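What follows is a short report on a single structure.
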Amino acid sequence: MPPPFTRPLIHAGIALGALGLVLAAGGPAQAHRPGPSARIIDTARGSGSVVSFTFDDGPNPADTRRLLSVLHRQRIQAVFCLWGDHVDEHPDLVRRIVAAGHTLCNHGMHHDDMSTWTPEQIRADLRETNAAIRRAVPGAVIPYFRAPYGSWGQTPAVAARLGMQPLGWRLAIADWETPGTEVLLSRLLEGVTPGAVVLMHDGGGDRGQTVDAVERAIPVLRSQGWRFTLP
């Protein structure tokens, strides 16, 4: 047994050594944390009755503003897949989306079908879109990419190399058809399944029906035990 006056020094040395092992173990693990992959994800975080709301083709002044108000009142975070041309037209709305705590997604600069494009062409478009978003919100985090029309081609691998996870969906309520609020509400309530990422729109046309359907659907889903998470 060591002399009594040396015991505190030994104990301190052991504690510092243990701390060093923890830091050494934690450092490389964090440094090698895997980044985005080319796998297209379509699943909400969590287990059980979870669902993720995503909105494409914005920002669009009338409908994006109203949708943000609905989501704020209902305390829901969503993903907004931004069309680059619309970002340049309405940078203030991009700032409002970010200020409200929502997540951004790159949806292409001009909403082109990229399914036959080369990686170089895709990379140029995605970088241009990210640059537009970051002109509106310097330093914006853009964790996702969604291919316009769902025409993926070689975009998943390119997006992953640029630090964005390809984002798909399990349920699309086809709100581009503008079939009426009641139809959209029915498609949403009857089509949602546990873990689904839902594709809807706040831009690309008049999306008033979509906002109305979302506003009415959220309380119903909550009453049925659904929780709203990110992908």
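Annotations for the structure displayed:
- Of all the listed residues (H111, H86, H90, H102), the sole one being modelled with pLDDT of 95 or more and on the phi > 0 side of the Ramachandran plot is H111.
- Residue within region 7-27 that is small (G, A, S), outside any strand (DSSP E or B) and at pLDDT 55 or above present: no
- Every listed requirement among (1) among the small types (G, A, S); (2) without any contact (Cβ under 8 Å) to a residue 12 or more places away in the chain; (3) under 30 Å from E190 (Cβ atoms) is met by G139 save one, (3).
- Filtered residues of region 149-187 (kept if open to solvent by 50 Å² or more (accessible area, probe 1.4 Å), in contact with an Asp or Glu (Cβ under 8 Å, 6 or more places away or on another chain) and assigned to a helix (DSSP H, G or I)): Y149
- Close pairs (8 angstrom Cβ cut-off, 6 or more residues apart or separate chains): at positive phi and crowded, with 19+ Cβ neighbours inside 10 Å in region 188-205, modelled with pLDDT of 95 or more and among the aliphatic types (A, V, I, L, M) anywhere: G195/A44; G195/V50; G195/V51
- Residue satisfying condition, being of a type in the set (G, A, S), closer than 27 Å to I218 by Cβ and either in contact with a helix residue (DSSP H, G or I) (Cβ under 6 Å, 6 or more places away or on another chain) or open to solvent by less than 10 Å² (accessible area, probe 1.4 Å) (or both), within set S52, S47: S52
- Residue match in region 79-88 (condition: open to solvent by less than 50 Å² (accessible area, probe 1.4 Å), in contact with a strand residue (DSSP E or B) (Cβ under 8 Å, 6 or more places away or on another chain) and acidic (D, E)): no
- Sole exception among (1) touching a residue at least 12 places away in the same chain (Cβ under 8 Å); (2) out of contact with any Phe, Trp or Tyr (no Cβ under 6 Å at 6 or more places or on another chain); (3) open to solvent by 10 Å² or more (accessible area, probe 1.4 Å); (4) under 29 Å from W226 (Cα atoms) for F145, by number: (3)
The values are calculated or read from the model by the stated rules, or taken from the named source; none is laboratory data. Since the structure is predicted, the reported quantities are computational estimates derived from the model, not experimental observations. Virtual Cβ from ideal backbone geometry, glycine too; neighbours counted across all protein chains shown. With ligands, DNA and RNA removed, areas are computed over all heavy atoms of the protein, side chains included. Shrake-Rupley method; radii C 1.70, N 1.55, O 1.52, S 1.80 Å.
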